[in-house]
Amino acid sequence: MSQATPSRSIWSNRWAFILVTIGSAVGLGNIWKFSYLAGASEGSVGVFIVVYLTCVALIGLPLLMAEILIGRRGRGNPVVAMLNTAEESENSSWWALLGWVGIFGALMILSYYSVVSGWMVDYFWQSLMKGIQVDTPEKASAAFNAMMTDPWRLIRWHTVFMILVTAVIARGVIGGIEAANRIMLPLLFLILVLLTLWGAVAGDMPAALRFMFNLKPEAIKPGVVIDGMGHAFFSLSLGMGAIMAYGSYLDKQTNIGHTCVWIALAGVFIGLLSGAAIFSLTFGYGLAPAAGPGLILQTLPLAFTHMPGGRVVAVFFFLLVIFAAWTSAISLLEPFVSWLTERYGIRRTRAAWATALPVWLLGVAVCLSFNRWSEFTILDRNLFNVLDHFATRFMMPLSGLAIAIYVGWRLGKVIVVDEIRLKQRVFCLWFNVLRFVVPVGITLVFLYELVLREKLG
Ligand code: PFF
């Protein structure tokens, strides 16, 4: 029997939905991860970006529509939405597993996402209170390492960030999630535009663009292709139930296709813009782009120290990153919280804090994996890297693959047509891409990565 979900909220309007979904999509992924992945694939950055853009268009966009479709049709948290749609289309209830993978995967990501966001809060606080003064690369690395080797400092800011996220979720869908996005997203955009302009004036924008769009396919390193695809998933929040949960609060009239084009365009645009801003400051001050996950915390503070008005720019930059991370993190907590409230009738506030606690604990373990527990590794990776690699390289693409098969092959055309109201030709294009290109594309990227690794040992 289909599970009832009484009195569910509905976003105030179509733009509110676009706003919250962009809020989920645009996050640390676009600013922190994009810049360090691109920086790390030096020599093949162009390839990374081309793979990323291609995957957004051919895999991300169709999947985004498919996830929203399931959420809206199923009218419930990801588990219930999968159950309801599976029942309506006479499929096995085992498909609900996909919902479970999503809601637990989201919590897993949130645990380390919150730790990295905590780094940003730490740097924001430092810039605000005393300014970050690091005039040599050695000092910048020492300052970053001082934070990473201090477990209490990491845990403190991770805790602050988790409280910020949980407080928004506790206030509900409209009063919390929508309201927070309405304030933060426009501010984020404004700061980013100002920062990019500043990057163009104070930094070296032509060098940044040359670096980002330099296509040298022969310089491909293993990992670049799968990273490009994984990043398309990560930066569009796909496969983890977040988009499905947001889609479940969407009214019937909104056109899913048109809406998703806006979301994907905004995600890509903001990602490229922040990349341009970050790299133009990096090159403008003669710094190296390949600093790894610490890129924006080791390289940029140097630029901030040397530039006129750098302290103010630093405060705004870290505020921007915090806003971006915050609006994404709330979408990682929402799927499980909505499941708890809908399944057990628990009050939202309680459900939010009860969910946040174990996530916070796992995050504490992540904080310790950088210092006290750094010798515990799996395949040479600490807990932080294990969680990140597992989620972005495997869970998200595999769950995306399953969603494509479910909507493309199992759900039935009647339901799909009823939800995706596009002109027939556009519909056919989307549907065929979802049925063929997405599954084949994801599989090929996996195979390619395997072969390339074999070849390069
Ligand atoms: N899209 C977010 C970012 O780019 O930072 C991260 C994210 C949010 C991933 C929500 C997955 C998710 F379900």
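The values are calculated or read from the model by the stated rules, or taken from the named source; none is laboratory data. Small disclaimer: the values here were computed from a predicted structure and weren't measured. No Cβ is skipped: glycine too gets one built from the backbone with ideal geometry, and neighbour counts run over all protein chains shown. Accessible surface areas use protein heavy atoms only, side chains included; no ligands, DNA or RNA. Shrake-Rupley method; radii C 1.70, N 1.55, O 1.52, S 1.80 Å.
Using the structure shown, decide if ILE415 is under 20 Å from GLY102 (Cβ atoms), assigned to a helix (DSSP H, G or I), touching a Lys or Arg at 6+ places or on another chain (Cβ under 8 Å) and open to solvent by less than 20 Å² (accessible area, probe 1.4 Å).
Working: under 20 Å from GLY102 (Cβ atoms): yes; assigned to a helix (DSSP H, G or I): yes; touching a Lys or Arg at 6+ places or on another chain (Cβ under 8 Å): yes; open to solvent by less than 20 Å² (accessible area, probe 1.4 Å): yes.
Considered against the rule, which asks whether it is under 20 Å from GLY102 (Cβ atoms), assigned to a helix (DSSP H, G or I), touching a Lys or Arg at 6+ places or on another chain (Cβ under 8 Å) and open to solvent by less than 20 Å² (accessible area, probe 1.4 Å), ILE415 comes out as yes.
Scan the stretch 233-249 residue by residue and report those that are within 6 Å of the ligand (Cβ to nearest atom), among the aliphatic types (A, V, I, L, M) and farther than 17 Å from THR341 by Cα. Don't jump to the end; show me each part of the working.
The initial filter retains those residues of the stretch 233-249 that are within 6 Å of the ligand (Cβ to nearest atom), namely 234-235, 237, 240, 242.
If we keep only those that are among the aliphatic types (A, V, I, L, M) as well, we get 240, 242.
The answer is MET240, and nothing else.
Residues of the stretch 253-288 being open to solvent by 30 Å² or more (accessible area, probe 1.4 Å) and part of a helix (DSSP H, G or I), which ones? Answer for the stretch 253-288, where residues must be open to solvent by 30 Å² or more (accessible area, probe 1.4 Å) and part of a helix (DSSP H, G or I): HIS258, VAL261, TRP262, LEU265, PHE269, LEU272, LEU273, PHE283, GLY284.
Considering only the stretch 349-373, state which residues are of a type in the set (Gly, Ala, Ser), part of a helix (DSSP H, G or I) and crowded, with 16+ Cβ neighbours inside 10 Å.
Those that are of a type in the set (Gly, Ala, Ser), part of a helix (DSSP H, G or I) and crowded, with 16+ Cβ neighbours inside 10 Å: ALA351, ALA352, ALA356, GLY363, ALA365.
Within 12 Å of the ligand (Cβ to nearest atom), outside any helix (DSSP H, G or I) and within 14 Å of ILE243 (Cβ to Cβ) - does that describe any residue in the stretch 27-48? Within the stretch 27-48, one or more residues are within 12 Å of the ligand (Cβ to nearest atom), outside any helix (DSSP H, G or I) and within 14 Å of ILE243 (Cβ to Cβ). Total residues in the stretch 422-457 satisfying the condition of being at pLDDT 90 or above and among the basic types (Lys, Arg): the figure is 3.
Inside the stretch 320-366, residues that are away from the ligand (no atom under 13 Å from the Cβ) and aromatic (Phe, Trp, Tyr) make up a count of 4. Within the stretch 28-57, the set of residues being modelled with pLDDT under 85, open to solvent by less than 10 Å² (accessible area, probe 1.4 Å), more than 17 Å from ALA325 (Cα to Cα) and in contact with a Gly (Cβ under 7 Å, 6 or more places away or on another chain) comprises ALA38, PHE48. Among the residues of the stretch 92-109, the ones that are more than 18 Å from ARG393 (Cβ to Cβ) and surrounded by fewer than 17 Cβ atoms within 10 Å (Cβ to Cβ) come to 5 in all.
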